[in-house]
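The values are calculated or read from the model by the stated rules, or taken from the named source; none is laboratory data. Just so we're clear, the structure is a prediction, and the values are computed from it rather than from any experiment. Here the Cβ positions follow ideal geometry from the backbone for every residue, glycine too, while neighbour counts run over all protein chains shown.
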Protein chains: 2
Amino acid sequence: MANREIPYKIYLSENEIPKTWYNVRADMKTKPAPLLNPGTGKPATAEELTPVFCKELVDQELNNDDREIEIPEEIYNFYKMYRPAPLVRAYCLEEKLQTPAHIYYKFEGNNTSGSHKLNSAIAQAYYAKKEGLKGVTTETGAGQWGTALSMACSYFNLDCKVYMVKVSYEQKPFRREVMRTYGANVTPSPSDTTQIGRKILAEHPGTTGSLGCAISEAVEAAVTQPGYRYVLGSVLNQVLLHQSIIGLEAKTALDKYGVKPDVIIGCAGGGSNLGGLIAPFMGEKLRGEADYEFIAVEPASCPSFTRGVYAYDFADTGKVCPLAKMYTLGSDFIPSPNHAGGLRYHGMSPILSQLYDDGMLKAVSVKQTEVFDAAETFARVEGILPAPESSHAIKVAIDEALKCKETGEEKNILFGLTGTGYFDLTAYEAYNNGTMTDYIPTDETLAEFRSHLPKIG
Amino acid sequence: MANREIPYKIYLSENEIPKTWYNVRADMKTKPAPLLNPGTGKPATAEELTPVFCKELVDQELNNDDREIEIPEEIYNFYKMYRPAPLVRAYCLEEKLQTPAHIYYKFEGNNTSGSHKLNSAIAQAYYAKKEGLKGVTTETGAGQWGTALSMACSYFNLDCKVYMVKVSYEQKPFRREVMRTYGANVTPSPSDTTQIGRKILAEHPGTTGSLGCAISEAVEAAVTQPGYRYVLGSVLNQVLLHQSIIGLEAKTALDKYGVKPDVIIGCAGGGSNLGGLIAPFMGEKLRGEADYEFIAVEPASCPSFTRGVYAYDFADTGKVCPLAKMYTLGSDFIPSPNHAGGLRYHGMSPILSQLYDDGMLKAVSVKQTEVFDAAETFARVEGILPAPESSHAIKVAIDEALKCKETGEEKNILFGLTGTGYFDLTAYEAYNNGTMTDYIPTDETLAEFRSHLPKIG
C-alpha cells in the first residue's frame with residue numbers, strides 16, 4: 001500500500017468538538033407530528049411530560065424551532081474524554097473490494113460503552129442531576145444504552161436502574177457486569193418488580209422480552225418512585241438532537257479535506273445513530289444547499305421502515321407512554337429472539353419517520369447472516385470487530401461500493417460505525433459455527449400486529 | 001471543571017508515528033545476557049535460533065548495537081489503522097484524588113485486540129510472511145496476544161495456531177470467538193495435540209495451565225510442521241524493540257507540551273509493555289541526558305522481580321526453548337488460577353532484568369483485590385474499563401499521586417494503560433460479588449520452585 005493523501009483516521013482537535021447540537025427540526029418544513037396524550041388524544045403538553053422526563057429535556061423534546069442548542073460545559077468536558085471520535089478512511093476495505101469508491105466511516109466505538117449511546121446518556125444524566133433528581137430508570141436491549149447510562153450516572157453520582165431485555169441479559173452477562181462495575185442496578189425484563197412486567201409475564205410466560213416491554217417497566221419504575229425520571233436512548237427528538245454531534249464532527253472532518261459524501265448510510269433501530277449521523281447533511285438538503293443520498297438500514301426481522309405503517313402508536317408495549325407518530329410494526333410486535341443485538345424496536349424516530357415519508361431518505365432491510373458476512377469481512381481488513389447493529393450499515397456500504405465497481409463511479413460513501421462487537425461474541429460464535437439463522441416475519445404476522453394499532457391520529 | 005491548557009487526549013498526526021523502533025540495548029553498558037543453547041550451555045547462534053524464529057526476527061533478537069531499526073512500510077501502514085495511540089491527561093482522576101500531581105496515561109486499548117500486543121504481532125506476522133512461511137504458532141494467556149496475532153495473521157493471510165492457557169480458555173470463551181472470527185485455530189493448553197502437552201497432562205491432570213506450558217506446546221507445533229515458526233508476545237528482545245513505539249509516541253506527545261515525566265509506571269508480566277513504554281526515557285537515563293524514576297508493577301501472586309532470582313532459566317515449562325538470564329520464579333512455577341488476566345509468567349524480559357539488576361528501575365508487587373479497587377475507581381472517573389493487567393499500573397499511579405497529595409509535590413506521573421477489560425468481566429464479576437481472593441505464594445513454595453532452576457550460567 002502506498003502513502004495516502006487523506007489520513008487513515010481524521011482526528012479533530014478537542015476544540016473542534018462542536019459547541020452546539022444541531023436541531024434538524026428547525027429546517028423541516030413538515031415538522032414531526034407531536035406526541036399525543038393517549039387519554040385525551042391531544043398533543044402532550046410540557047406539563048404532561050414533566051412527570052416522566054426532566055424539564056430541560058421536555059423543552060428539547062418539544063423544541064421544533066431553535067436550530068442550534070448550546071452544549072453545557074459539564075457535558076462538553078465529558079465529551080472530551082472520548083471525543084472527537086475518529087472519521088476513518090477505509091483504505092483496506094476499498095482494496096479488499098477493489099472498488100473505485102472512497103469509503104469513510106465515523107467510528108463511535110472508542111469508549112467503554114462501546115457505542116454512540118454515551119453522547120445522549122451524558123446529556124440526559126446531566127439534566128437529571130441539574131434538576132436535583134435522585135436517579136433515573138431506563139431500558140436496554142443489546143446493553144449499549146444501559147452501559148452508556150451507567151457510565152454517565154456514575155460520573156454525575158446518580159442512581160441508575162436498568163431494565164434489560166431478558167434475551168440480552170442472558171446472552172450478555174458481561175454487559176451486566178460492566179453496568180454493575182459502574183454502580184447500576186440491572187433487572188431482566190419482563191420482571192416481577194413492576195405491575196406491567198407481572199402482567200406481561202402472566203400473558204406470555206416464555207417471552208424473551210422486547211425493548212417496548214422494558215420501556216414500560218422503566219417508565220413505571222420512574223413515575224412510582226419520588227426523585228426518579230425515565231430516560232430513553234433512542235426514538236425521541238431530544239436523543240437525535242444530542243446525537244447530532246456524530247454528524248457535525250463527521251462533516252467538520254470531511255470539510256477539512258474537501259470531501260463531500262454522495263451516500264450516507266446508517267443502521268436504524270429507533271434511529272438515534274442514523275438521525276445523528278445525517279442531521280447536518282440533511283439540514284443542507286432541507287435548505288436546498290446540497291444533495292445527499294441517505295440510506296437507513298434495518299434488519300429484515302424488524303422492518304419498521306420497509307414493511308411498517310406510518311401511524312400513531314404507543315412507544316412501549318405496556319402502552320403507558322405518549323403516542324408517537326412513526327413508522328411502526330405495532331407496539332405488540334416482539335422480534336425473533338434469534339436476532340442479534342439491538343435494532344429490535346417496533347417503531348422509529350418520529351423525525352426520521354417524517355423525513356422518510358417526505359422522501360428525503362431511503363430504507364433497505366438486510367438479513368442477519370449477510371450482515372455477519374459483512375462484519376467478518378470488515379473486521380479482517382479494518383481491524384475493528386463491529387457491533388451487529390453497525391454491521392447492517394457495513395453490509396449496505398459494501399453493496400454500494402460494489403455497485404461503484406460495476407459502474408466505475410468514484411462515489412464517496414460515508415457510514416456510521418456505531419460501535420464494537422466485544423459483547424456480541426455469542427452471536428459471532430453462532431455465526432462462526434454456522435448455526436446462525438435468518439428470520440423474516442410473514443405478511444400475515446405483520447398484519448396481525450398492525451391490527452392492534454390504536455385508532456387515533 | 002474548567003477548560004484545560006493541555007488537551008484531555010493528545011493525539012499525534014499519522015506522520016508523527018515514529019518511522020523507526022528504538023533499541024535500548026544499544027545504550028546499555030551491560031548488555032542483556034545472551035540466550036544459551038541448553039544442550040551446549042553456550043550462547044545460541046543465529047543458526048540455532050532460525051528453526052524456531054524467522055530470520056529477520058533472529059537478527060533483531062541478537063542485535064545489541066543498532067540504536068534505530070526502520071519500521072517497514074507494510075507494518076507502518078497497519079500501525080496507521082490504530083495508531084498513534086492517545087496520551088491522556090487524567091484530569092478526572094486527579095480531581096477524584098484531589099492530588100497536585102499531573103497524571104498521564106498512554107492508552108493502547110483502542111484496537112480490537114484490546115491491548116498493545118498488536119504492535120509486535122503485526123511485525124512478527126510481517127516478517128513471517130516476507131520469509132514465505134505458511135503460518136505461525138503461539139501461546140496466549142489472557143488472550144490479548146492471541147487476539148492480536150490472529151488479527152495480524154488475518155491481515156497478511158497467514159495461518160495462525162494459538163495455544164491458550166486452559167484457565168483463560170474457560171474463563172474467556174469470547175476471546176476464543178474473536179480469534180476464530182479472525183480465522184485462528186485455538187487449542188486449550190495443556191492439550192493432547194503435542195508430546196509435551198500429553199506429558200504435562202499425565203503429571204498434573206488437574207492443571208489449569210500456564211504461559212510457560214503453552215509456550216512449550218506452541219514451540220513444538222512450530223518445529224514439527226514445515227513452513228511454521230513460533231512467535232512470542234513478550235519477554236524477547238525483539239518484542240521490546242517493537243513495543244518501543246509506545247514510549248516513542250508518548251515521549252513525542254509529552255515533548256509537544258513541554259512535559260517531562262518524573263515517574264513512569266508500567267505493569268510487568270513478561271515485560272513487553274513496560275519495556276516499550278520506558279525505552280526512550282531509559283535511553284536518556286542511560287546516556288546521562290535526563291533522569292526518571294521507573295516502577296515495574298507485578299502481581300503479588302507472580303512476583304518475578306520482587307521475589308525471584310536473577311539466573312539462567314528456561315523460558316518455557318517444557319524446557320525446549322533456549323535458556324534466558326532473567327529474574328525468575330523457576331520455569332515450573334504455575335501461578336494461582338484465581339489470579340485474573342495476564343502477568344502470569346514465571347520470568348521477565350532479559351533486558352528489563354539486566355536494567356533492574358543495574359538499579360535502573362524499581363519494582364513493587366500489588367495484591368489482586370487492591371488492583372481491582374483501583375480499576376473501579378479509574379473506570380468510574382476516566383470512563384475506560386481497564387484490563388486487570390493495566391490496573392496494576394493504575395494502582396501504583398494512584399499510590400504515587402496520593403503521596404504527592406501528602407507532600408504537595410506537583411509530580412508528572414506517566415503510566416501505561418495497556419488495554420481494556422472487556423474480556424475480563426468474569427474477574428470483574430467476582431470483584432463485584434465480593435468473592436475475589438488474593439494469593440501470595442509462601443517463601444517455602446518459592447524456594448521449592450527455585451530449587452528446580454537449571455545449574456548453568
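The table below lists the values:
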read-out	value
Segment B:395-427: number of residues that are under 24 Å from B:G247 (Cβ atoms) and within 14 Å of another protein chain (Cβ to nearest Cβ)	4
Scan of segment B:266-298 for residues that are over 13 Å from the mean Cα position of the chain (by Cα) and outside any loop (DSSP other than H, G, I, E, B), ordered by number	B:A279, B:P280, B:F281, B:M282, B:G283, B:E284, B:K285, B:L286, B:E293, B:F294, B:I295
B:A101 of a type outside the set (D, E, K, R), more than 24 Å from B:L49 (Cα to Cα) and assigned by TED's automatic domain parsing to the domain that holds B:M179	no
Residue check, A:F305 over 20 Å from A:H204 (Cα atoms), at pLDDT 95 or above, in a strand (DSSP E or B) and not polar (S, T, N, Q)	no
Segment A:228-276 - residue that is free of Cβ contacts under 8 Å to residues at least 60 places away in the same chain and at negative phi and, of those, surrounded by the most Cβ atoms within 10 Å (Cβ to Cβ)	A:K251
Among residues of segment A:58-90, those that are more than 9 Å from every other protein chain (Cβ to nearest Cβ), under 20 Å from the mean Cα position of the chain (by Cα) and not in a loop (DSSP other than H, G, I, E, B), counted	7
Filter result (in a helix (DSSP H, G or I) and either closer than 13 Å to A:A324 by Cα or touching a strand residue (DSSP E or B) at 6+ places or on another chain (Cβ under 9 Å) (or both)) within segment A:12-30	A:E14, A:A26
Number of positions in segment B:444-457 that are assigned to a helix (DSSP H, G or I) and in contact (Cβ under 8 Å) with a residue 40 or more places away in the chain	3
Test: residue in segment B:110-131 that is among the hydrophobic types (A, V, I, L, M, F, W, C) and at the interface with chain A (Cβ under 10 Å from one of its Cβ atoms)	yes
Only one of B:T147, B:T137, B:T50, B:T40 that is away from chain A (no Cβ under 14 Å) and either among the acidic types (D, E) or crowded, with 24+ Cβ neighbours inside 10 Å (or both)	B:T137
Residue check, A:A33 touching a residue at least 12 places away in the same chain (Cβ under 8 Å), among the small types (G, A, S), assigned to a loop (DSSP other than H, G, I, E, B) and closer than 19 Å to A:L274 by Cβ	yes
Segment A:162-186, subset surrounded by 24 or more Cβ atoms within 10 Å (Cβ to Cβ) and of a type in the set (S, T, N, Q), residue farthest from the other protein chains (Cβ to nearest Cβ)	A:S168
Residue tally, condition farther than 14 Å from A:A447 by Cα, small (G, A, S) and crowded, with 24+ Cβ neighbours inside 10 Å, over segment A:295-317	2
Leading residue by the ranking (surrounded by the most Cβ atoms within 10 Å (Cβ to Cβ)) among those in segment A:13-37 that are within 14 Å of chain B (Cβ to nearest Cβ) and modelled with pLDDT under 95	A:E14
